[in-house]
Amino acid sequence: MTIIYCCQLELHDSVYFATREIGRLYETEPVIHNYALCYALGLVDSEIYATTVAEEHSYRYFCSEQVPKYEQHLTPLNQQGIYVTPAHSIHHTSVLNTWKYANNNYHVEMQKTQKNIPSFGRAKEIAPESQFEFFIISQKDIQLKDKLPKWIRLGKWMSKAEVNIKAIDKFESKTSYFTFPHPLNPLDVMFTHQVVSYDVVNMPPVSLIQNVTIKEGQFYQFENPFTSKKLKIPAKMEYRFKG
């Protein structure tokens, strides 16, 4: 039994992550990667959803090494039949913060002490009260609505965000030409669908695509419970990784 969940996020703090670095400007793209959402929603290292992930690789409280293990952490979600799409902006504003720092040449031993030369950088962050939307597709009869957290943390500053979820139990499954305007992970959709055009959203660890036109592929058609607008979303998506 397939259930689709429409989820909306409202930021209660400014969110920052470096999507791109332009000189001293660190910019946050108004798109939230689906990998980040899986961690924020507690789907990784959860006894309910990812029972095959070992405890020693938990990132919940402590990370002993800065080595991503996306394939190891997200593959169990395929076994559980759970897929989370990237989040797109419903509406957002940005704030620009300037920070200063000084060099630490005086810490170098056996050298003459030098003056601290102040420098600066700017971080473009997503402001509070901005809203995002994403979808969760559950291929099994798992009532995620009651198990997902109401509040999550996002970005470098672990910023607080509120999650509102509505289940969609009435939808149609079809196969034909269609378009999807919101971000998708290309590794997850191109294996099962014939994508003919798209726009690229450059961001690590995997650049996303949006305004996707699919020549032939299965999709779910439903009415967005928040906006009452009809939407077609690709079916049979699951987490895939570069070989």
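The values are calculated or read from the model by the stated rules, or taken from the named source; none is laboratory data. Keep in mind that this is a model prediction, so the values were computed, not measured. Glycine also receives a Cβ, built like all others from the backbone with ideal geometry; neighbour counts cover every protein chain displayed.
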Problem set entry | region 156-176, subset closer than 22 Å to Glu125 by Cβ and among the aliphatic types (A, V, I, L, M), residue surrounded by the fewest Cβ atoms within 10 Å (Cβ to Cβ) | Met158
For this session: Can you confirm whether region 207-225 contains a residue that is over 21 Å from Tyr5 (Cα atoms), of a type in the set (D, E, K, R) and not in a loop (DSSP other than H, G, I, E, B)?
Result: yes
Exercise. Of Thr52, Thr19, Thr2, Thr28, which residue is of a type in the set (S, T, N, Q), over 30 Å from Ser228 (Cα atoms) and either at pLDDT 85 or above or surrounded by 15 or more Cβ atoms within 10 Å (Cβ to Cβ) (or both)?
Worked result: Thr19
For this session: Would you please name the residue that is surrounded by the fewest Cβ atoms within 10 Å (Cβ to Cβ), looking only at residues in region 116-148 that are outside any strand (DSSP E or B) and at pLDDT 95 or above?
Result: Glu129
Exercise. Could you give every pair whose Cβ atoms fall below 8 Å, whose first residue belongs to region 7-30 and is hydrophobic (A, V, I, L, M, F, W, C), and whose second residue is crowded, with 19+ Cβ neighbours inside 10 Å and in a loop (DSSP other than H, G, I, E, B), counting only separations of at least 6 or pairs across chains?
Worked result: Leu11/Ser130; Val15/Thr28; Val15/Ser130; Val15/Gly155; Phe17/Thr28; Phe17/Gly155; Ala18/Thr28
Exercise. Restricting attention to region 211-234, does a residue exist that is surrounded by 15 or more Cβ atoms within 10 Å (Cβ to Cβ), at pLDDT 95 or above, in contact with a His (Cβ under 7 Å, 6 or more places away or on another chain) and within 28 Å of Glu125 (Cα to Cα)?
Worked result: no
Exercise. For the subset of region 90-108 comprising residues that are at pLDDT below 65 and not in a loop (DSSP other than H, G, I, E, B), which member is surrounded by the fewest Cβ atoms within 10 Å (Cβ to Cβ)?
Worked result: His107
Seminar exercise, completed: Taking region 37-49 and the residues there that are surrounded by 18 or more Cβ atoms within 10 Å (Cβ to Cβ) and modelled with pLDDT of 65 or more, the one that is nearest to the chain's Cα centre (by Cα) would be Leu37
Exercise. Among the strands (runs of 3 or more DSSP E) contained in region 1-48, which hold 3 or more residues that are of a type in the set (A, V, I, L, M, F, W, C)?
Worked result: 3-11
Exercise. If you check every pair at least six apart or on different chains, which have Cβ atoms under 9 Å apart with a residue in region 81-102 that is free of Cβ contacts under 8 Å to residues at least 40 places away in the same chain first and a residue that is of a type in the set (A, V, I, L, M, F, W, C) and assigned to a loop (DSSP other than H, G, I, E, B) second?
Worked result: Thr93/Ala127; Ala102/Ile117
Exercise. Is there a residue in region 212-235 that is within 29 Å of His73 (Cβ to Cβ), among the basic types (Lys, Arg) and free of Cβ contacts under 8 Å to residues at least 24 places away in the same chain?
Worked result: no
For this session: Spot the failing condition for His12; the list is (1) at positive phi; (2) exposed (fewer than 15 other Cβ atoms within 10 Å of the Cβ); (3) at pLDDT 90 or above, and only one is missed.
Result: (1)
Exercise. Of all residues in region 182-203 being touching a residue at least 60 places away in the same chain (Cβ under 8 Å) and surrounded by 11 or more Cβ atoms within 10 Å (Cβ to Cβ), which is farthest from Pro128 (Cα to Cα)?
Worked result: Asp188
For this session: Would you check if there is a residue in region 210-220 being within 17 Å of the chain's Cα centre (by Cα) and among the acidic types (Asp, Glu)?
Result: no
